[in-house]
């Protein structure tokens, strides 16, 4: 395996206004996306976060330490040209949302799910205009078509940068409703992450922690928090 990695070639990182919003400059040269597109983000706050990531790089550039740069690249190179396909894919979660599928036992797990997920379903009906119905077990239960369409239309209306953040919030939590709750300020992102992990945390409660798995969970949790922060600065 090659040890090649891009090396730092600049001293100063700055942000400036451009026609498409704000861009990041490395010694006065604008950053480009991996596809060589113009790199521009909609707000100064996001551009400043990205500039901090570039300025923090040492001799070798490590993309794993640059989550906001990576998400912005995805918004420009991937989500923008495939906006409808990405939105449609995410909207499908509304028909089989995590928080609609409940355990049929034991009682303590059922109580944890009800306490965490019932308020979210009520919020979804009130705030998003979509009533979703819970069921016990893993057998698919069709949701009201009007609710599915309502959620789909709200996903389709997102701009590419919001949709990029939303993609990660959905994919990491497994729930369209939890992702919407993160966007709309229903609760802190930390609490929403915990709400999405009720089933997994129950298994840990029963069987104890697995160090390797806990490390993976920590990475996913941080990615969820990063996605929340991205949408918060747009």
Quiz item: Using the 10 angstrom Cβ neighbour count as an exposure proxy, how do 167, 83, 205 rank, fewest first?
Solution: 205, 83, 167
Quiz item: Roughly how tilted is helix 44-55, in degrees to the nearest 10 and between 0 and 90, from the longest Cα axis of the chain?
Solution: 70 degrees
Quiz prompt | Alpha carbon convex hull of region 1-65, projected area averaged over orientations, nm² | solution = 4.9 nm²
Practice problem: Work out how much length residue 96 to residue 84 would gain on full extension: take 0.36 nm times their residue separation and subtract the Cα-Cα distance, in nm to one decimal. | Solution: 2.3 nm
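So for region 22-120, Kirkwood radius off the Cα pairs, Stokes-Einstein at 20 °C and 1.002 mPa s: how many µm² s⁻¹? Intermediate values should be presented prior to the final figure.
Numbers: Rh = 16.9 Å.
Translational D for this selection: 127 µm²/s.
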Quiz item: Does anyone have the angle between helix 145-156 and the longest principal axis of the chain? Alpha-carbon axes, 0 to 90°, nearest 10?
Solution: 10 degrees
Quiz item: To the nearest 10 degrees, how steeply does helix 160-173 sit against the main Cα axis of the chain, on a 0 to 90 scale?
Solution: 50 degrees
Quiz item: Based only on the alpha carbon positions, what is the Kirkwood hydrodynamic radius of region 82-232, in angstrom?
Solution: 15.8 Å
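What whole-number value in cubic angstrom gives the convex hull volume per residue for the C-alpha atoms of region 165-234?
72 Å³
Give the order of 70, 29 when sorted by the count of other beta carbons within 10 angstrom, beginning with the fewest.
Values: 70 17, 29 10.
With the fewest neighbours first, 70, 29 line up as 29, 70.
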Exercise. Calculate the spin-label point distance for residue 211 paired with residue 133, positioning each point 7 Å from the Cα along the beta-carbon direction, and give it in nanometres.
Key: 4.9 nm
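Multiplying the sequence separation of residue 12 and residue 194 by 0.36 nm and subtracting their Cα-Cα distance, what value in nm do you get? Could you put the intermediate results ahead of the total?
Numbers: separation 182, 0.36 × 182 = 65.52 nm, distance 3.90 nm.
Gain in length upon complete extension: 61.6 nm.
Please arrange 79, 139, 31 by how many other C-beta atoms lie within 10 Å of their C-beta, fewest to most.
On the way: 79 24, 139 7, 31 20.
Ranking 79, 139, 31 by Cβ neighbours within 10 Å, fewest first, gives 139, 31, 79.
Values quoted throughout were computed directly from the atomic coordinates according to the rules given, and no laboratory measurement underlies them. Bear in mind the structure is a predicted one, so any value in this text is a computation, not a measurement. Methodologically, a virtual Cβ is constructed for each residue, glycine included, from the backbone with ideal geometry; neighbour enumeration extends over all protein chains shown.
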